[in-house]
Amino acid sequence: MDRTKQPKLVITFPTTTAAMAMEAACQAGQGRLIPIPREINGGCGLAWCAEPQLGDMLLQVMAENNISYQEKRIISLY
Amino acid sequence: MTDMIYFDNAATSLPKPPAVGHAVLEAINTFGGAGRGGHPAALAASRCLFQARKAVARLVGSAAGRTAFTANATDSLNIAIAGLLTREDHVITTVLEHNSVLRPLYKLRSQGMGLSIVGIDQKGNLDYDGFRRLLRPNSKAVVCTHASNLTGTITNLAFLADFCQENGLLLIVDASQTAGVFPIDADKLGIDVLCFTGHKGLLGPQGTGGLCIRQGLAVLPLKVGGSGLHSYDEIHPADMPEALEAGTANAHGIAGLLAGVEYILETGIDTIRNKELELAQCFRQGISAIPGVHIYGDPDSPHAPIVTMNIGSMDSSEAGDRLATLYNICVRTGAHCAPLAHLALGTREQGAVRFSFSSFNTEQEIQKGICAVAEIAAEWEQR
């Protein structure tokens, strides 16, 4: 297992439903759902984690599918 | 005893499509908590809820993000009524309502809210002129059923939507008897809140239901608590649909509801409704000629697949018991949680015998039901 931190794009959502809509709208290789990292939110919930270079494309996906999001940040994650 | 014949689908539909039970079994053996983590079991439950929101929203003309799940229509109506209305308001409802509408309204009335109730004519049709007569300056909403659970009479939602729009009122609809059987386009029609249950026409398990909220309308939650989101906030998240879903969702049941709704979408709501209405019409015709049988409701008005009747002055409970014990036929008798409709029809003491059909009923079952009613009525006439 690779234990080196890598920069990742993390997007959070106002609802779990929006997070699930994101998963449904994305295709394989465009990211995955993860628990929200503590760097963003000390609580709980789901976030979308993807390679940073996919940012613009993912914004377009969210706009096309009317998915609202809360935060979009680059974070170093394992 | 012959095989059971089930004519109580207005209470709970039976049987369900086999996929419903399979889905519940699969869910109960594989699901974690929906919205409660990112591990595979939690995600499986969350995906199921999302798919179910989409399927229900597609069926009733709403959107997944505005479709919240509850335990049943009573739950949904309590949320909508308590979350939108105050003691300062005035509300118009009808005598056709189930107690799931009436009791939450009575509760608010006891706190000072104004409440007016539109009546019906002798055939059970709503007095639509009554809505205008009962309008007050502080009228806030119309809360009404899409179909009477007693007579099956369908409410003209297009009329009410126009009336509400013209007068700046909210329209809260109880679709317990119609969702999954009659086409509903909530957004297009202008319904502000559509409340549904999962265990009737949607063919899902008991303990499932929900409400679809119009875009931009904020409903104050009846319950707050665990949401899986923003745990350190003191205030429950306000974003739909989780705003109205405090506590772990019944994902096992909703898996079954999803299977039920998928069955409806695949089979076609028109196909299901036409079959049910044909069976109801066949039954209605069959019993209408039986001496002593009195049928409630206007046969010329649009109806849900419900036929409600009495035999002479026979206690409806006795009629239902005879149908059950002698013929293995399941019907609903008594007051049907619709006290004002019974008062209006003059059946408070006798109650009424309600036959309600599903697309899984057969013509053979209908004929057996007609014969059973004929025999019980003949016995009653000869007593």
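Values quoted throughout were computed directly from the atomic coordinates according to the rules given, and no laboratory measurement underlies them. Quick caveat, the model's predicted, so the values are computed rather than measured. Quick reminder, even Gly has a Cβ in these numbers, built from the backbone with ideal geometry, and neighbours come from all protein chains shown.
Worth a mention:
- The C-alpha atoms of chain A define a longest principal axis, and helix A:16-25 lies at about 80 degrees to it.
- Chain A: angle of helix A:55-64 to the longest principal axis, Cα-based, in degrees nearest 10: 30 degrees
- As a proxy for reagent exposure, B:SER317, B:SER359 were ordered by neighbouring Cβ count within 10 angstrom, fewest first; the result is B:SER317, B:SER359.
- Most fluctuating residue given options B:HIS98, B:HIS236, B:HIS342, as computed from a GNM of chain B linking Cα atoms under 10 Å: B:HIS236
- Computed over chain B with a Gaussian network model linking Cα atoms closer than 10 Å, the most mobile of B:LEU102, B:LEU202, B:LEU326 is B:LEU326.
- Along the axis of the charge dipole computed for region B:1-146 (Cβ charges of +1 for Lys and Arg, -1 for Asp and Glu, origin at the Cα centre), the listed residues B:LEU59, B:GLY37, B:ILE120 are led at the positive end by B:GLY37.
- Annotation: extensible slack from B:ASN156 through B:ALA289 equals 44.9 nm (criterion: 0.36 nm per residue apart, minus Cα-Cα distance).
- Point-to-point label distance, B:GLU234-A:ALA25, nm (Cα→Cβ direction, 7 Å offset): 3.4 nm
- Angle in degrees between helix B:157-167 and the longest Cα principal axis of chain B, rounded to the nearest 10: 50 degrees
- Gain in span if fully extended, B:GLU166 to B:ASN274, counting 0.36 nm per residue against the direct Cα distance: 35.6 nm
- Looking at chain B alone, DSSP beta bridges between its own residues are antiparallel in about 50 percent of cases.
- Counting only Cβ charges, +1 for Lys and Arg and -1 for Asp and Glu, the dipole size of region B:156-277 around its Cα centre is about 340 debye.
- Antiparallel DSSP beta bridges within the protein assembly as shown, as percent of all bridges there, nearest 5: 65 percent
- Among B:GLU26, A:GLU71, the order by Cβ neighbours within 10 angstrom, fewest to most, reads A:GLU71, B:GLU26.
- Among the listed pairs B:LYS54/B:LYS200; B:LYS107/B:LYS140; B:LYS16/B:LYS123; B:LYS140/B:LYS223; B:LYS107/B:LYS188; B:LYS54/B:LYS188, those beyond 21 Å (Cα-Cα): B:LYS16/B:LYS123; B:LYS140/B:LYS223; B:LYS107/B:LYS188
- Modelled label positions at B:ALA378 and B:THR325, each set 7 Å beyond Cα in the direction of Cβ, lie 2.1 nm from each other.
- Residue among B:PRO339, B:PRO299, B:PRO205 with the largest mean-square fluctuation in a Gaussian network model of chain B, springs linking Cα atoms under 10 Å: B:PRO299
- With R₀ set to 30 Å, the beta-carbon distance separating B:LEU25 from B:MET4 gives a calculated FRET efficiency near 0.85.
- Two-site FRET efficiency, B:GLU266 against B:ALA246, from Cβ-Cβ distance with R₀ of 35 Å, rounded to 0.05: 0.60
- Applying 0.36 nm per residue to the separation of B:ASP300 and B:HIS39 and subtracting their alpha-carbon distance, the gain on full extension is 88.4 nm.
- In this structure, A:ASN66 and B:GLU318 have a Cβ-Cβ separation that, at R0 = 60 Å, corresponds to a calculated FRET efficiency of about 0.60.
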